[in-house]
Amino acid sequence: MKLHLRVWRQKGREAEGQFETYEAKGLNPNMSFLEMMDVVNDELTKEGKEPVAFEHDCREGICGSCAMVINGEPHGPNKGATTCQVYLRSFQDGETLTVEPWRARAFPVLKDLVTDRSAFDKVIQAGGFVSVNTGQAPDANAMPIGKEDAEKAFDAAHCIGCGACVAACRNGSAMLFVAAKVSHLGMLPQGQPERGERVRKMVAAMDAAGFGNCSNQYACEAVCPKEISADWIGRMNRDYAVSAVKKL
Amino acid sequence: MKLDPRIPGGPLADKWTKFKTNVPLVTPANKRKYEVIVVGTGLAGASAAASLAELGYRVKSFCFQDSPRRAHSIAAQGGINAAKNYQNDGDSVKRLFHDTIKGGDFRSREANVYRLAEVSVNIIDQCVAQGVPFAREYGGMLANRSFGGAQVSRTFYARGATGQQLLLGAYQALSRQIGLGRVRMFPRHEMLDLVLDEGRAQGIITRNLVTGELTAHEADAVLLCTGGYGNAYYLSTYARGSNVTASWRAHRRGALFSNPCFTQIHPTCIPVSGEYQSKLTLMSESLRNDGRCWVPKSAGEKRSAAQIPEGERDYFLERLYPSYGNLAPRDIASRAAKRVCDEGRGVGPSGLGVYLDFSEAIGRLGESTVKERYANLFSMYHEITGESAYESPMRIFPAVHYTMGGLWVDYHLMSNIPGLFVLGEANFSDHGANRLGASALMQGLADGYFVLPYTIGDYLSKQKPGGKKTNRQAEAFWQATETVQARTKKLLGIRGTKPVSDFHRRLGKILWDQCGMSRTKKGLEQGVEEIRGLRQEFWENVNVPGSGEDLNQSLEKAGRVSDFLELGELMCRDALERDESCGCHFREDHQTAEGECERRDEKFSHVSAWEFQGEGKAEVRHAEPLSFEEVQLATRSYK
Amino acid sequence: MLLSSIGRKWIVAISGLLMIGFVVVHMTGNLQMYAGTPDKINLYAHLLHSYPIILWAFRLGLIGVTALHIWGTISLARENRRAKPLQYAVAGRKSRLQVTWTSVTMVISGTVILGFVVFHLLHFTAQVVDKSYASMETAVGGVAMHDVYRMVIKGFSNPWISGFYLIAMGLLFSHLRHGAASVFQTFGLRDRQLVQVIEVGAWILAMALFVGFGSIPVGVMLGLIRP
């Protein structure tokens, strides 16, 4: 199997980038997309060229490191999968694939396909937690939580912080990411005392980081590798309004 | 060298309480004068950094990933043990302690393990308070499941992503402290050296992975929470970035490395499908709650799983270990799988695989219940193999998953270098020669939340905080920076013909063949030789393109692989010197008639601790004897 | 907090909802063209004009709401453009990205509708496009009043005006289809179980408005509504 690749190359944050084309040959359909990139990089190295910089770590869809836009689709063609979970059997032999980094002002490109997603960390630092010091906790079963609520909270908490939602959004909005964390903690009794303050602070941090706004198109939900529902965004909108009114 | 584990006196059950009551404290006003460096942001690192900052210490936290949330603890699937006895099935601290000691084949320190079991209950409380969405029963109480090596249900879980949820809890706690300005976070920074002054840990040298800048960071204590070294095998369930560099560079500065040959091979991973493969994917041990392992009874079977009638199947774990069945501990289950494959009864194209069959569970529980329990694992399996485990059995094979060995630490989690603490998988302390499932998360969080915040007080209370750098100290930092610079320059200067991955793959193959599930004297000796040759070739012929002044992933990998090439030799030597079988360490010349491990307690009831002697010189082996007061040393049996 | 991203979304949603309310009432009023007698709509228009204070308060309110809607959307849209300086070289499949035409053309449809509203006001309210409207008088039950019925028929007899009107109503359909559904999301009332209901509901509302408004110029052009 063989693929033609058009890959975004950019030397550094301030540098101009451009596409370069590579031929990936002798591929096996059971290879993962990233394994193909490994092969391409080894070939580049042997030719004395710099390999393509890209992020990856766990290669099992949970760390949220990998981040490639393949033919305009963040994380590639498969629903509910990260880039590292894309296998070559998803493509046609001889197909041309255009590979780009996440595009958003809040995620500047550092090199090639690597972007800086630290804006997400800043949002969490602003309020994405329960303020409980080590040692302060009561017995774990002291506060019963209904199975359904726990499951729902998990659905939101499953976000891996990859940023595909921002990458897919025409507005570079981080609403799905922020809403997932706001809702994860907001669903649980432990998160109630700070619920209002949390959403206000996190939204303020999100706005400050240069993300765009939600225009309710739900591309975020469509590409989310953990299939996190855009309903959480609605829930955050409501939480935010309630909190703002209470504050007045 | 005499290794003092500094275990408090008194009965086992009272040691930790006694320690806590007697440990010297640092007053709140003084805490902020101390600066602590924490390297790594996994369960151990994030929990330690957050807890120390909550106490009032000034903390600097480092990780090589772009965000502290990406540490590989995130990938742990199955669960976390705690002796809560919520199921009323007879669990207790003592039983968890006992299971863990026995699971580790009596090669761990009693006092550490007992403490681990004791604090396990606090971990669950803490995590729930942070908002970790553990699985619940309909009544709202926490749910449990069973894991290998235990006869009680004490494993707490959050679907198949327990590690993720626990790590996010710790990450959130850490983020809170970053937001409050009490932790300074340095993502995309890799620790490349440890700086000592008069034998004490004084700081580290880091490389900014984006700009290439080397920086010296000073502190009153340094914590390494940098995980395990299983990536030495190239193919493993580790993240691709997981590495031994921080530990190894500390080792080169004098920290002892314990039990490097103790590497866990997990029985249930998706088999290797080709040469190109970069990583192996674990299928959580929790699957063995409902999945049954089998192979055909006769070698050379060509029929598909469905065509093989019940009577011609060998449910080998149930046959060999009737009381634990499919939930036999990992080392035992892995070896059993290897054995049946060696007999030619393996399944799949490579013959290196066994079936993990859910048809009985689907019949008993219905597909929807099975789906509810394991859907994400089944879909992961489907994504990778293109096969549905609802229709035909999974094919699994053992793969490198965890390393019980690591830097030597005492009861305080301090290494032999004063001021250098080692937490989580990076230390050797709690799992002996084999780790039980759902115990790694427990240990990482125990160390970070509940052990180190106490023990570090003992060290710091005897140190004068920070203060001005002396000339001598400045010299030490400058020298360390020079060393790192020279190594980087050397790697970039070789410009050979082979990419780093080529050497890594070959190292992995040597280790898997000679220092894997089954080991022989001859093979290990050969392994040492081969690794030496490979290391020499690496330094002559590796090609690291690019420069040291920007983001250069080839350079990062080259540095890490160069350390694996040194560690690999030590792993083989450790396995060679440990002339017995125990836990994961199976020497073919020491086995029982049934093919199980044969320990030699009279000679090897100790922890090995290797001391670096300098480039190219043979390391010296020390030993910390293990004394058992509470448990009876016995032949481990799961029959 | 009103000026934050979500604050402004609430402003846009509430103002949008108020305007939806207005167009629904407006359309219901217009449908009196079908009453069979000109008197009905003429009386209605006369009633609206008989309390100038209320009328002007209402008008100013509506202008204010519209201004807020426009200010909110423009400021959000400008930020959106800044937040995504570079689009992808290859566009992903619409099926994968869940993109609908109506949602990505909100700014365009909104702008054209605004232009239309200005023209519409000049046309029928200020009556400066055709000066003859002002002198169209009629009497119902002895009360002299403006002959709205005739004015509308005359207005829509011009194919250019009717054409523009229909295009604007088409865009209103497109704008509301996304806008009306979005209100639920901003208010936090959208839910996986309700998505279908909301989407279909928004479609029905937008379609009803399109048909209701659009049928009048079509009726006039086809000669179904006659003086």
Which one of B:Ala433, B:Ala438 is touching a strand residue (DSSP E or B) at 6+ places or on another chain (Cβ under 6 Å), in a loop (DSSP other than H, G, I, E, B) and at positive phi? B:Ala438
Kindly evaluate C:Arg59 against the criterion of being part of a helix (DSSP H, G or I), at the interface with another protein chain (Cβ under 7 Å from one of its Cβ atoms) and out of contact with any Ser or Thr (no Cβ under 6 Å at 6 or more places or on another chain). no
Quick one: B:Thr481 ticks every box in (1) under 13 Å from B:Ala575 (Cα atoms); (2) surrounded by fewer than 22 Cβ atoms within 10 Å (Cβ to Cβ) except a single one, so which number is it? (1)
Sole residue being hydroxyl-bearing (Ser, Thr, Tyr) and over 22 Å from B:Gly444 (Cβ atoms), chosen from B:Tyr114, B:Tyr86, B:Tyr57, B:Tyr34: B:Tyr34
Restricting the search to segment B:543-560, which residues are in contact with a Leu (Cβ under 7 Å, 6 or more places away or on another chain) and crowded, with 21+ Cβ neighbours inside 10 Å? B:Val544, B:Leu551, B:Leu555, B:Ala558, B:Gly559
C:His120 passes all but one of (1) surrounded by fewer than 17 Cβ atoms within 10 Å (Cβ to Cβ); (2) more than 14 Å from every other protein chain (Cβ to nearest Cβ); (3) not acidic (Asp, Glu); which number fails? (1)
Kindly indicate the residue of segment C:1-27 that is of a type in the set (Ser, Thr, Tyr) and in contact (Cβ under 8 Å) with a residue 12 or more places away in the chain and also farthest from the other protein chains (Cβ to nearest Cβ) among those meeting that condition. C:Ser15
Looking at segment B:95-107, can you tell me whether even one residue there is under 20 Å from B:Gly181 (Cβ atoms) and either surrounded by 22 or more Cβ atoms within 10 Å (Cβ to Cβ) or under 19 Å from the mean Cα position of the chain (by Cα) (or both)? no
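For (1) more than 14 Å from chain A (Cβ to nearest Cβ); (2) free of Cβ contacts under 8 Å to residues at least 24 places away in the same chain; (3) in contact with a Cys (Cβ under 9 Å, 6 or more places away or on another chain); (4) part of a loop (DSSP other than H, G, I, E, B), each residue gets a yes or a no:
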| position | (1), (2), (3), (4) |
| --- | --- |
| B:Glu391 | yes, yes, no, yes |
| B:Ile396 | yes, no, yes, no |
| B:Tyr411 | yes, no, no, yes |
| B:Ile417 | yes, no, no, yes |
| B:Glu425 | yes, no, yes, no |
In segment A:120-150, which residues are farther than 26 Å from B:Tyr57 by Cα and not β-branched (Val, Ile, Thr)? A:Asp139, A:Ala140, A:Asn141, A:Ala142, A:Met143, A:Pro144, A:Gly146, A:Lys147, A:Glu148, A:Asp149, A:Ala150
How many residues, within segment A:103-115, are in contact with a Leu (Cβ under 7 Å, 6 or more places away or on another chain) and either within 18 Å of A:Asn213 (Cβ to Cβ) or more than 7 Å from chain B (Cβ to nearest Cβ) (or both)? 1
By residue number, the members of segment B:283-328 that are surrounded by fewer than 16 Cβ atoms within 10 Å (Cβ to Cβ) and not in a helix (DSSP H, G or I) are B:Lys297, B:Ser298, B:Ala299, B:Gly300, B:Lys302, B:Arg303, B:Ser304, B:Pro309, B:Pro322, B:Ser323
For the subset of segment A:216-238 comprising residues that are facing chain C (nearest Cβ under 7 Å) and part of a loop (DSSP other than H, G, I, E, B), which member is surrounded by the most Cβ atoms within 10 Å (Cβ to Cβ)? A:Tyr218
For segment A:119-155, which positions are farther than 12 Å from B:Val128 by Cβ, facing chain B (nearest Cβ under 7 Å), in a helix (DSSP H, G or I) and touching a Pro at 6+ places or on another chain (Cβ under 9 Å)? A:Asp121, A:Phe154
Do the conditions hold for B:Thr488, that is, is it under 19 Å from B:Ala246 (Cβ atoms), surrounded by 16 or more Cβ atoms within 10 Å (Cβ to Cβ) and among the hydroxyl-bearing types (Ser, Thr, Tyr)? yes
In segment A:109-133, what residues are touching a Lys or Arg at 6+ places or on another chain (Cβ under 6 Å) and under 29 Å from B:Gly169 (Cα atoms)? A:Leu110, A:Ala126, A:Gly127, A:Gly128, A:Phe129
So, of the residues in segment C:71-102 that are touching a helix residue (DSSP H, G or I) at 6+ places or on another chain (Cβ under 6 Å) and within 18 Å of C:Arg8 (Cα to Cα), which turns out to be nearest to the other protein chains (Cβ to nearest Cβ)? C:Leu76
Quick check, is B:Ser359 among the polar types (S, T, N, Q), more than 14 Å from chain A (Cβ to nearest Cβ) and within 28 Å of B:Arg136 (Cα to Cα)? yes
Out of B:Val561, B:Val607, B:Val542, sole residue that is within 14 Å of chain A (Cβ to nearest Cβ) and in contact (Cβ under 8 Å) with a residue 60 or more places away in the chain: B:Val561
Between a residue in segment A:119-143 that is among the polar types (S, T, N, Q) and any residue that is part of a loop (DSSP other than H, G, I, E, B), which pairs come within a Cβ distance under 9 Å, given they are 6 or more apart or on different chains? A:Gln125/B:Leu180; A:Ser131/A:Pro193; A:Ser131/A:Glu194; A:Asn141/B:Lys84; A:Asn141/B:Tyr86; A:Asn141/B:Gly140; A:Asn141/B:Met141
Single condition B:Lys94 does not satisfy, out of (1) assigned to a helix (DSSP H, G or I); (2) more than 15 Å from B:Gln632 (Cα to Cα): (2)
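Quick note: the coordinates plus some simple rules give every number you see, no bench work behind them. Note that the coordinates shown come from a computational prediction; the quantities given were computed from them, not determined experimentally. No Cβ is skipped: glycine too gets one built from the backbone with ideal geometry, and neighbour counts run over all protein chains shown.
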